[in-house]
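The values are calculated or read from the model by the stated rules, or taken from the named source; none is laboratory data. These numbers come from a predicted model, not from an experiment. With ideal geometry, Cβ positions are generated from the backbone for all residues, glycine too; neighbour counts draw on all protein chains shown.
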Amino acid sequence: MTTVTETKPTSPQRTTVAPGLRADARRNQLAVIAAAKKLFADQGLDAQMPDVAKAAKVGVGTVYRHFPTKDDLIAALAAERFERLAEKAREELEVEDPWEGFCDFIRFSAQIQADDRGLCEVMGSRPEVMGASAEAVGLDKLCDQLVKRAQRSGELRKDLEWEEIPMIACALGGITKAHGPGAGRWPRLVEIVLDGLRAPGDTKLPKPVG
């Protein structure tokens, strides 16, 4: 199989922690982000900034100094998540087998959502934050490269468009948020979805609307 070389984005990767902070301020900001991730995972949008401060063992003023509003804090959490996704996408573009690289990215995306169901719920109610964070790290271009690379290998159906990758990941994320006896079945569903994406694809996809 011929290996296709992809052109990688040259823009620098965003960092969640602001550059130029003193060591103690940096530690505080990281502590706030870590505490917020746990609280939002447990409580969703009901999590409050004073609770974040208490969990991070810093003053409320410190939280507001780094993140003036809850939306700012949510945006920081979203940025961190999409940085991880972008990093994974870059790794998978280096994998020799384009189909396996594509599949592993889908699996990783679903796993992230399964590991942090609360933040998925929060981010699902802030689509504009999700879109801005994904664009900032070039995730749209990376997904496009993953799709086209796998299609050129002949393994991925030709009618899939990269815009459908985030939608598939969000749909799988909704499954991982389910509770009860079937909650542990989502990894099986990921593989079923991936089988449906294999070339040539038996069903003709309708044209996108809008």
Query raised in the report: Filtering region 94-112 down to residues that are of a type in the set (A, V, I, L, M) and surrounded by 20 or more Cβ atoms within 10 Å (Cβ to Cβ), which residue is nearest to residue 139 (Cα to Cα)?
Result: 106
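Test of understanding: among 91, 121, which residue is in contact with a helix residue (DSSP H, G or I) (Cβ under 6 Å, 6 or more places away or on another chain) and in the same structural domain as residue 154 (by TED's automatic domain parsing)? Full working, then the answer.
On the way: 91 fails: in contact with a helix residue (DSSP H, G or I) (Cβ under 6 Å, 6 or more places away or on another chain).
Within the list 91, 121, the selection yields 121.
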Report summary line: Expected output for region 28-39 (first residue on the phi < 0 side of the Ramachandran plot and charged (D, E, K, R), partner at pLDDT below 90 and assigned to a helix (DSSP H, G or I), Cβ below 7 Å, 6+ apart or cross-chain) is 37/77; 37/119
**Report entry** Evaluation of residue 208 against (1) in the same structural domain as residue 92 (by TED's automatic domain parsing); (2) at pLDDT below 95 (one fails), failing number
**Finding:** (1)
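Please note which helices (runs of 4 or more DSSP H) are completely contained in region 53-139 and include at least 3 residues that are of a type in the set (Lys, Arg).
It comes to 70-93.
If I go through region 1-43 residue by residue, how many of them are under 30 Å from residue 151 (Cα atoms) and at pLDDT 55 or above? Steps first, please.
So the first thing to find is which residues in region 1-43 are under 30 Å from residue 151 (Cα atoms), and the list is 1-14.
Those left that are additionally at pLDDT 55 or above: none.
Counting residues in region 1-43 that are under 30 Å from residue 151 (Cα atoms) and at pLDDT 55 or above gives 0.
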